[in-house]
1. Pick out, from the range 1-95, the strands (runs of 3 or more DSSP E) lying fully within it that include 2 or more residues that are surrounded by fewer than 19 Cβ atoms within 10 Å (Cβ to Cβ), in contact (Cβ under 8 Å) with a residue 24 or more places away in the chain and out of contact with any Lys or Arg (no Cβ under 6 Å at 6 or more places or on another chain).
2. Take Thr123 and tell me if it is out of contact with any Asp or Glu (no Cβ under 9 Å at 6 or more places or on another chain) and either crowded, with 17+ Cβ neighbours inside 10 Å or farther than 28 Å from Ile83 by Cα (or both).
3. Of (1) away from the ligand (no atom under 13 Å from the Cβ); (2) out of contact with any His (no Cβ under 8 Å at 6 or more places or on another chain), Glu128 satisfies all except one. Which?
4. Which of the residues that make up the range 102-120 are among the aliphatic types (A, V, I, L, M) and either near the ligand (Cβ under 8 Å from one of its atoms) or surrounded by fewer than 18 Cβ atoms within 10 Å (Cβ to Cβ) (or both)?
5. Please work out which one of (1) more than 7 Å from the ligand (Cβ to nearest atom); (2) surrounded by 17 or more Cβ atoms within 10 Å (Cβ to Cβ); (3) aliphatic (A, V, I, L, M); (4) assigned to a helix (DSSP H, G or I) is the condition Ala142 fails and give its number.
Amino acid sequence: MRIDVITIFPELFDAFVRTSLVGRAAADGLLEIAVHDLRAHTDDPHRSVDDEPYGGGGGMVMTAPPWLAAVAAVAAGGSPWRILLSPQGRTLDDAKVRELARRPHLLLLCGRYEGIDERVAQTVVDEEISIGDYVLAGGELAAMVLIEAVSRWIPGVVGLPDSVESDSFGRGLLDHPHYTRPRVVAGLAVPEVLLSGDHRAIAEWRRAEALRRTRARRPDLLAGGAKSCKTSGEEG
Ligand code: 4GX
């Protein structure tokens, strides 16, 4: 898979693309990430990328020409699926992440300021995506969230294929609790069943815990009857 990114802050991606899961995927040749500086596609001496909004009001708007030039240059070598990160987009979820992971080539547009001249979205964007209902200073962190989530679905990136499917949302439920050594922490012992060696009992316990937590914390994830299961306050 190839992912291109256009931003005015390419350096924000430096550590990210070299570290952990994404860094290893790149090193293993499973994922190729290229980050491009929007300002390389300006033609004025000040390399400006923003201007005052038509109609007035506060803040600045990113101008269209650098974006059109940058997208054309980056897309020249292929036909990437072009995504604009913005609060106006459809909210990213597990289904969308899996869908994007099946595409061979993504191009992520990271805007700043009040936004980008609307004609960019109208002409060189295939899809607008939001990572949630809050406002960031720029699309860069949203792009990194998308890249990390998508990377986990590229075959070979996560060591054990099973663990991707069985992770939270792989089964449409929140994850069960996890424990490791030592056996007692702050007076709290590891649940006995996990020490039993009874793999069937362990699997059943984990499934029950996942269901219990989903019902308590995210009843919206459970199909039908979720509302009637809703509890107030503490999980039971
Ligand atoms: N999920 N932001 C983008 C500037 C902007 C606005 C409109 C293009 C169009 C965000 C989010 C997010 C803040 C990133 C505004 N660029 N992005 N930025 N939530 O809040 O993705």
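1. Hits in the range 1-95: 32-37, 81-91.
2. It is false that Thr123 is out of contact with any Asp or Glu (no Cβ under 9 Å at 6 or more places or on another chain) and either crowded, with 17+ Cβ neighbours inside 10 Å or farther than 28 Å from Ile83 by Cα (or both).
3. Unmet for Glu128, out of (1) away from the ligand (no atom under 13 Å from the Cβ); (2) out of contact with any His (no Cβ under 8 Å at 6 or more places or on another chain): (1).
4. Leu109, Ile116, listed by residue number.
5. Answer for Ala142: the failing condition is (1).
A quick yes/no check of all residues on (1) free of Cβ contacts under 8 Å to residues at least 12 places away in the same chain; (2) part of a helix (DSSP H, G or I):
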| residue | (1), (2) |
| --- | --- |
| Glu148 | no, yes |
| Ser163 | yes, yes |
| Tyr179 | no, no |
| Glu209 | no, yes |
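Every read-out reported here was derived from the displayed coordinates using simple, explicitly stated rules and does not represent laboratory data. None of these values were measured; they are calculated from a predicted model. Heads up, the Cβs are rebuilt from the backbone with ideal geometry, glycines too, and the neighbour counts pull from every protein chain shown.
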